[in-house]
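Below is one structure, written out as structure tokens; comments come after it.
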Amino acid sequence: MAYEMIEVRVEAEKVGIITLNRPKALNALNDQLMNELGEALKAFDADKNIGCMIITGSEKAFAAGADIGAMAKYSFADAYGGDYITRNWEAIRSIRKPVIAAVSGYALGGGCELAMMCDFIIAADNARFGQPEIKLGVIPGAGGTQRLPRAVGKAKAMDLALTGRMMNADEAERASLVSRVVPVDKLMEEALGAAIIISGFSQLAVMAAKESVNRAFEGSLNDGVMFERRLFHALFATNDQKEGMDAFVNKRQAQFSNS
Ligand code: CO8
């Protein structure tokens with residue numbers, strides 16, 4: 001399949017690398033990009049030669065979130081009725097081989113959620129993580145309110161989700177959101193090194209280890225994610241969602257009316 005919004009390559013004959021590639025929009029995640037990402041992950045997962053995958057972005061942005069321009073005009077009927085935005089994000093959860101997120105620059109909103117859907121995160125020292133959806137009049141919609149507290153605890157998750165502030169790489173490592181922080185120019189070398197080590201082990205044992213760790217981590221996650229999704233879609237019924245996203249698209253300060 002020819003991809004337009006991602007680049008795909010194989011390193012060391014056993015590591016599948018997917019680079020998000022919408023540089024002008026800081027890798028904002030739209031339907032096409034998420035479909036392509038899902039296709040590429042599934043293809044690598046089915047390839048016996050591939051032992052591990054890496055998802056990465058550019059130096060400036062892993063991904064600055066879901067595409068606000070595409071979402072801005074959605075109604076509740078669009079969002080909930082079409083299961084818009086969220087419907088093609090689940091592919092990554094069905095991948096059985098390990099997926100590493102190599103994060104440089106912004107990992108915000110859906111970008112942070114995408115990184116957290118991976119099995120672990122290696123961050124460059126310029127990485128910035130956050131869930132700024134509150135500034136747009138909505139909440140995280142791809143597991144952020146569920147995975148972030150599991151990773152960093154309630155206090156920091158609340159702080160990030162309620163203030164919309166960003167967390168730098170050092171804070172993210174202290175909070176256990178990321179497993180390692182490396183200089184930005186060493187990011188891919190570090191991630192590839194980890195992926196090559198993983199690819200050298202029994203694929204069966206690796207898949208079992210992944211499945212087992214996830215079992216500990218994901219208890220009742222499904223309920224939480226579904227609950228979150230209903231709320232996320234419901235917020236498209238508010239004026240504040242229209243205002244928050246319109247303000248972003250038109251580069252002005254949002255004036256929320258609590259309606
Ligand atoms: N969507 C669309 N376009 C974006 C996005 C985005 N999330 N982020 C950046 N862009 C675009 C900008 O509009 C701009 O485009 P243009 O050049 O045409 O004006 C370009 O990327 C560069 O951005 P900036 O000029 O703003 O770059 P700065 O370096 O000044 O700022 C920031 C970088 C801080 C990252 C800033 O762009 C920003 O705040 N972006 C928005 C971050 C955000 O709010 N993310 C959350 C989005 S909502 C979300 O992710 C909900 C997820 C729900 C789950 C999805 C369903 C499963």
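Since every read-out is calculated from the coordinates, none of them should be taken as a lab result. It should be emphasised that the depicted structure is a prediction, and the values quoted were computed from it without experimental measurement. Because the Cβ atoms are built from the backbone with ideal geometry, glycine has one as well, and the counts that use them run over all protein chains shown.
Structure data summary
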read-out	value
Protection proxy ranking, peptides 164-177, 71-84, 202-215, average beta carbon neighbours within 10 Å, highest first	164-177, 71-84, 202-215
Relative contact order %, the stretch 153-259, counting alpha carbon pairs below 8 Å whose residues are six or more apart	10 percent
Cα gyration tensor of the chain - equivalent ellipsoid semi-axes, whole Å, descending	30, 19, 18
Computed [θ] at 222 nm, deg cm²/dmol, the chain (DSSP H ≥ 4; -39,500 (n - 2.57); rounded to nearest 500)	-12000 deg cm²/dmol
Difference of contour (0.36 nm per residue) and Cα-Cα distance, A155 to S212	17.8 nm
R174-K60 FRET efficiency (beta carbon distance; Förster radius 25 Å; 0.05 resolution)	0.60
Nonlocal Lys pairs with alpha-carbon distance under 29 Å, the stretch 123-259 (8 or more apart, or different chains)	12
Protection proxy ranking, peptides 242-254, 49-61, 189-201, average beta carbon neighbours within 10 Å, highest first	49-61, 189-201, 242-254
Principal-axis tilt of helix 31-46 within the chain, Cα atoms, nearest 10 degrees	20 degrees
Rounded FRET efficiency, nearest 0.05, which uses the C-beta distance separating L162 from N250 and R0 of 35 Å	0.90
Cα-based helix-to-principal-axis angle, 154-163 vs the chain, degrees rounded to 10	50 degrees
Phi to ³J(HN,Hα) by Karplus 6.51 cos²θ - 1.76 cosθ + 1.60 over the stretch 205-215, Hz, x for Gly, Pro	5, 5, 5, 5, 5, 4, 4, 6, 4, 4, 4
Protection proxy ranking, peptides 94-101, 119-126, average beta carbon neighbours within 10 Å, highest first	119-126, 94-101
Calculated from backbone phi, Karplus (6.51, -1.76, 1.60) coupling profile of the stretch 228-240 in Hz, x at Gly/Pro	4, 4, 4, 5, 4, 5, 4, 5, 6, 8, 9, 5, 5
Percent of beta bridges antiparallel (DSSP, the chain, rounded to nearest 5)	30 percent
